[in-house]
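Data block below; observations after.
The values are calculated or read from the model by the stated rules, or taken from the named source; none is laboratory data. All figures in this text were calculated on a predicted structure; none of them were measured in a lab. All Cβ positions, even for glycine, are placed from backbone atoms using ideal geometry, and neighbour counts span all protein chains on display. Heavy atoms of the whole protein, side chains included, go into the accessibility calculation; ligands, DNA and RNA do not. Shrake-Rupley method; radii C 1.70, N 1.55, O 1.52, S 1.80 Å.
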Amino acid sequence: MVVFDKPKALTDAPLHYCPGCTHGIIHRLVAEAIDELGILGKTVGVAPVGCAVMAYDYFACDMVEAAHGRAPAVATGLKRAMPENVIFTYQGDGDLASIGMAETVHAATRNENITVIFVNNAIYGMTGGQMAPTSLPGQVTQTSPYGRDVKTVGYPIRVCEMLSALDGPELIQRVAVNNVKNVMAAKKAIKKAFQNQIDGKGFSLIEVVSSCPTNWGMTPSNALKWLEENMIPYYPLGVYKDRSAKEVK
Amino acid sequence: MAKVTFKTDICKGCGLCIEACPKKLLVIAKDKINKKGHSPAEMTDQSKCIGCAFCATMCPDCVITVEK
């Protein structure tokens, strides 16, 4: 009996990501959720600009490539035009939390019935490791060689905390992929975000705290340790908003 | 008995599976190089594998298939 195999919602194309990049894990979790919910034929994904720009080669569903940061706006259009389809966006922190902040906040406050997978690795990966809105205070990047100085460039943006202040969104949750336990919890959260959309509940955003071994300058396993010791304390995991859970209580 | 197979050609040798294995059965095969130019991960002792699929859960590239 096969206990574990590649999900059908992923193509056979080998991923272009660096060794140990957790994008691969998150791609697989999204694909497993699509498989388990049996929605492969009616799912449309929206790819970002960033390392995951070529996600359209990897997901076996239809994909649309959005302009930088505009994935929630494109997903809004897709969902409104094709309400019976399942629409998800897959975005990084340089995409969603920087240039795409306006689209993200407004899609959330309108409670658009879409699923947003937000991959937060605290750096701009594709362009070579520049400081992102989510880079930690003191974090050394290409554009903050002496560490992020909060006096001149401000503090990191905690997207989940910020969006959970809005009345609109249905589900706002932060998960991580640094160990097996957290990966399993992340899968559950991503599946719930898709289920919410099928049930017509509205905007579900799952922030996945992930690593970038290449641009952090670490081995893949050290990057996951750094994530656990530095990122999770700044970006605490948990459910920040779940309107359905509140109604049940 | 549990069986773990590696799609060796797409392994990038990142070693996340090695860290995840509770039985410490996996290693990087330093004497091998795959098509991508990486030294792939491999199983040292198949008979001790418990089929927990932790290695496959942490693998970013879907290299590992686990059968029980």
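Assorted remarks:
- Eligible lysines near A:LYS192 by straight Cα distance, threshold 25 Å, same-chain separation 8 or greater: A:LYS6, A:LYS8, A:LYS42, A:LYS79, A:LYS181, A:LYS201, A:LYS241, A:LYS246, A:LYS249
- Entry note, chain B: relative contact order of 46 percent, from Cα contacts under 8 Å with a spacing of 6+ residues.
- Taken one residue at a time, the phi angles of region A:150-157 give Karplus couplings (6.51, -1.76, 1.60, θ = phi - 60°) of 5, 6, 9, 10, x, 9, x, 8 Hz. Gly and Pro are set to x.
- Solvent accessible area, Å² - A:SER244, 1.4 Å probe, full protein context: 20 Å²
- For region A:9-23, accessible area lost to neighbouring protein chains reaches 20 Å² or more, against the chain alone with a 1.4 Å probe, at A:PRO14, A:LEU15, A:PRO19, A:GLY20.
- Amide H contacts under 5 Å for A:ILE87, placed H, 5+ residues apart: A:VAL44, A:THR115
- Shape of the protein assembly as shown, Cα gyration tensor, a/c cut at 1.5: oblate
- Using C-alpha pairs under 8 Å with a sequence gap of at least 6, the mean separation divided by the residue count of region A:1-74 gives a relative contact order of 32 percent.
- Beta bridges by DSSP in chain A, antiparallel share as percent, to the nearest 5: 20 percent
- Rounded to the nearest 0.05, the FRET efficiency derived from the C-beta distance between A:LYS151 and A:ASN230 at R0 = 22 Å is 0.65.
- Estimated from helices alone, the mean residue ellipticity of the protein assembly as shown at 222 nm is -8000 deg cm²/dmol (sum of -39500 (n - 2.57) over DSSP H runs with n ≥ 4, per residue).
- Dipole magnitude of chain A about its Cα centre (Cβ charges: Lys, Arg +1; Asp, Glu -1), debye to nearest 20: 440 debye
- Across region B:60-68, rounded Karplus estimates of 3J(HN,Hα) from the backbone phi angles (6.51 cos²θ - 1.76 cosθ + 1.60, θ = phi - 60°) give x, 10, 6, 6, 9, 10, 10, 10, 10 Hz, Gly and Pro being marked x.
- Largest to smallest accessible area among A:SER164, A:SER144 [probe 1.4 Å]: A:SER164, A:SER144
- Chain A: relative contact order in percent, alpha carbon pairs under 8 Å with at least 6 residues between: 19 percent
- Calculated FRET value between A:ARG80 and B:ILE50, using beta carbons and R₀ = 51 Å, to 0.05: 0.55
- In a reduced charge model with +1 at each Lys and Arg Cβ and -1 at each Asp and Glu Cβ, region A:59-139 shows a dipole moment near 160 debye about its Cα centre.
- For chain A, accessible area per residue (1.4 Å probe, heavy atoms of protein chains only), Å²: 40 Å²
- Interface A:B - total buried accessible surface [probe 1.4 Å, Å², rounded to 100]: 2000 Å²
- Long-range amide H partners of A:GLN139 with built H, under 5 Å: A:ARG148
- For region A:88-136 and region A:170-249, distance of Cα centres in Å: 13 Å
- What the Cβ-Cβ distance of B:THR8 and A:LYS42 gives, at R0 = 30 Å and to the nearest 0.05, is a FRET efficiency of 0.30.
- Dipole of the protein assembly as shown, positive direction: furthest Cα of B:CYS21, A:GLN173, A:TYR240, with charges on the beta-carbon: B:CYS21
- Averaged over the residues of A:73-79, the number of partner chain Cβ atoms lying within 10 Å of the residue Cβ comes to 0.
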